[in-house]
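Written out below as structure tokens is the structure these notes cover.
Rule-based calculations on the coordinates, nothing more; no lab input. The model shown is predicted, which means the values in this text are computed figures rather than measured ones. Here the Cβ positions follow ideal geometry from the backbone for every residue, glycine too, while neighbour counts run over all protein chains shown.
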Amino acid sequence: MQRHRWEKYGKDLSKKRDALLRAKFGQNPATVIRIQPYDAGEYLGRTLDARFSPTRMAEFLAVHLETKQEQARELGIEDDNLAAWTAALYNGGAVNVRRMRAGLISSLRETQKYMKAVPARAARLDRILS
């Protein structure tokens with residue numbers, strides 16, 4: 001029943017989104033999203049739901065990431081491994097990460113994939129920026 005309600009909510013939200021974009025931009029909503037994604041997102045964030053706003057979502061994600069980094073520090077993660085474990089907490093949740101560190105869970109495939117990918121991306125970004 002809950003899944004059915006979430007599906008209905010998603011479809012209703014999509015219909016409202018498409019109607020607002022069509023009214024505001026006078027074009028097919030898919031075209032607007034492809035050509036003017038940020039303008040469309042900010043407009044929808046103001047008029048429909050803040051989660052559509054790229055700016056608001058970036059702010060939320062930055063705060064969320066800081067929270068996960070603080071959780072990693074509370075778990076006693078050393079600075080050398082902080083980025084990987086922050087990613088693990090972000091993706092896998094604190095409970096699962098604690099279980100993994102305690103040996104109760106042998107692996108969290110998706111979490112471990114994030115733990116490898118995030119430091120590699122950070123290093124690549126550092127190389128590009130320097």
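Could you give the size of the charge dipole of the chain about its Cα centre, using +1 on the Cβ of each K and R and -1 on the Cβ of each D and E, expressed in debye and rounded to the nearest 20? Could the numbers behind the result be given before it?
Values: 24 positive and 15 negative charges, 148 e Å.
Rounded to the nearest 20 debye, it is 700 debye.
What lysines could a cross-link reach from residue 8, if we take a straight Cα to Cα line under 21 Å and drop same-chain neighbours fewer than 8 places away?
Cα-Cα hits under 21 Å: 16.
Which option, [x] 50, 50, 21; [y] 54, 49, 22; [z] 51, 36, 25, is the value of Cα extents along the principal axes in Å that was calculated from these coordinates?
[y]
Which value in deg cm²/dmol, rounded to the nearest 500, describes the helix-derived mean residue ellipticity at 222 nm for the chain, given -39,500 (n - 2.57) per DSSP H run of n ≥ 4 and division by the residue count?
Values: 7 runs with 104 residues, N = 130.
Taken over the chain, the calculation gives -26000 deg cm²/dmol.
Taking H placed 1.01 Å from N in the peptide plane, check which residues at least 5 places from residue 105 or on another chain put their amide H under 5 Å from its amide H.
Amide H neighbours of residue 105: 100.
Can you give the local net charge around residue 75? Use residues other than it whose beta-carbon is closer than 9 angstrom to its beta-carbon, Lys and Arg +1, Asp and Glu -1. Numbers along the way, then the final one.
Numbers: positive: 73, 98, 101; negative: 74.
Overall, the nearby charge balance is +2.
How high is the relative contact order of the stretch 3-114? Use alpha-carbon pairs under 8 Å, at least six apart in sequence, and give a whole percent. Present the calculation step by step, with values, prior to reporting the outcome.
Details: 78 pairs, mean separation 14.3, N = 112.
Rounded, it is 13 percent for the stretch 3-114.
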